[in-house]
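So the structure is just underneath, and the comments pick up after that.
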């Protein structure tokens, strides 16, 4: 079949087939070139400047390897590869930070995954048809018609047929609820999305020593089996060590790269910028108008913050944000100036500083629920210690003045962070995703949880969920807080059992 080849540092060569080429040459996919794969981590790992576009090609490639192993039909292979290619088209600027602020405030609980459906069904058919119409090469057009015929049964390239194609792609993502094999191939516990971002992020961050296991061996030992009248994805029991290696690599990448204290400081500052500009830059309206959404990228958003802030400075006839009178600003102007201040700090790597870090596990409970109480307790201890010091005659007036200001601006100065839960190996993740182990010798389908119970060595590796709790300060008052013993001990004695 007609194809092109994209050179890639992770997978060497990625083959691109006709319908994939057509999808790639659209604005929603090309826009992914302007979205960083790792927003905050770039401030810690300078090489981690790769994009969601390259990642999406990698996910398509790994999904294709899975598809060649598992599916005989051309149609299923092509749909799964397209799902891998298009899985991230719903991302906003700064990706997961946009999820946590903008999409959440808009009520889109599934974030970019929820917005992806609109882009696939409302925008991609028109974009792909426009790309097809612009093609001058009759051989390429013929190849697209042939690929479409083999995939959905018609060679008529139209808005209607491309909408049908995108509906089939979207059905892959709808399979999350039932744990379909196609969904797990793309975004399951060992799916193409996870395998590529771990390989790619480790490579560009310079942390390849963490590794993600033998991807080719894992895929080669994947099976489709029937369970409760459903087709499910299974892995040969003999590759369990490779599975554990991949899961350990994931844990180490989250611990050392994604949730690095400085990476998260930048993430939180970006979240603050997004929260401040949510209304002044009409982000909800621009998300809902898909044509405008395509113009929202990492750098375009930051450039817009600068432009709008400089307009405000010119309006008020001052040269810098430090000179402006807050009382003279409208609410929108104030928010834009505050966002600009944070942006200027990012430009000089003047980042928020962590003062408390607590990591804990909780047996028989969701550690995130407990983390809310830990954050409240820690902040309360800091507040009470500051209040006591302010009333103390032993504290010099200059230090007491700073402490009063910290109390007055407590919510502004002290910021908490409770990122996603970490796990080394959590068998329930596989059960929830409808992914199993398979023993060909006995023709038995086994849950990872049950298999681990039979092998003590694996039980030792199984981990409870790990929660990280951090408190940051938005200005560097660490020396003062340390000198007066304001920062509570990070030691945590916690045992929660059923």
What full-extension length gain, to one decimal in nm, is calculated for residue 225 and residue 479 as 0.36 nm per residue of separation minus the Cα-Cα distance? 85.4 nm
Residues in region 185-221 that a label on residue 69 would reach, taking backbone N under 15 Å of a point 7 Å out along Cα→Cβ: 185-196, 212-221
Report the extension gain between residue 33 and residue 51 in nm, rounded to one decimal, defined as 0.36 nm multiplied by the number of residues separating them, less their alpha carbon distance. 5.9 nm
To the nearest 10 degrees, how steep is helix 240-253 against the longest Cα principal axis of the chain, on a 0 to 90 scale? 30
Taking each pair of different alpha-carbon atoms in the chain once, compute 1/r for the pair, average those values, and report the inverse of that mean as the Kirkwood hydrodynamic radius in Å to one decimal. 25.1
Could I have the simple spin-label model distance between residue 392 and residue 5, label points 7 Å from Cα toward Cβ, reported in nm to one decimal? 7.0
If you take the beta carbon distance between residue 348 and residue 380 as r and set R0 to 35 Å, what does 1/(1 + (r/R0)^6) give as a FRET efficiency, to the nearest 0.05? 0.60
Give the order of 209, 87 when sorted by the count of other beta carbons within 10 angstrom, beginning with the fewest. 209, 87
The chain: angle of helix 52-70 to the longest principal axis, Cα-based, in degrees nearest 10: 40
How high is the relative contact order of region 4-200, in percent, with contacts defined as C-alpha pairs under 8 Å that are six or more residues apart? 23
In deg cm²/dmol, rounded to the nearest 500, the helical mean residue ellipticity at 222 nm of the chain, built from -39500 (n - 2.57) for every DSSP H run of length 4 or more, is -15500 deg cm²/dmol
The simple spin-label model distance between residue 453 and residue 156, using points 7 Å out along Cα→Cβ, in nm, is 5.6
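When you count, for each residue, the other Cβ atoms within 10 Å and take the mean per peptide, how do 230-238, 394-402 rank with the highest first?
So the peptides 230-238, 394-402, ranked by packing, come out 230-238, 394-402.
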Mind checking the angle between helix 159-174 and the chain's longest principal axis? C-alpha axes, 0 to 90 degrees, to the nearest 10. 60
When a footprinting reagent is the concern and you count Cβ atoms within 10 Å, what order do 480, 70, 448 take, fewest first? 480, 70, 448
Tell me the relative contact order for the chain as a rounded percent, counting alpha carbon contacts under 8 Å between residues six or more apart. 16
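Just so you know, all these numbers are worked out from the coordinates, no wet-lab data involved. Worth saying up front: this structure is predicted, and the values here are computed from it rather than measured. Glycine gets a Cβ as well: all are built from the backbone with ideal geometry, and neighbour counts include every protein chain shown.
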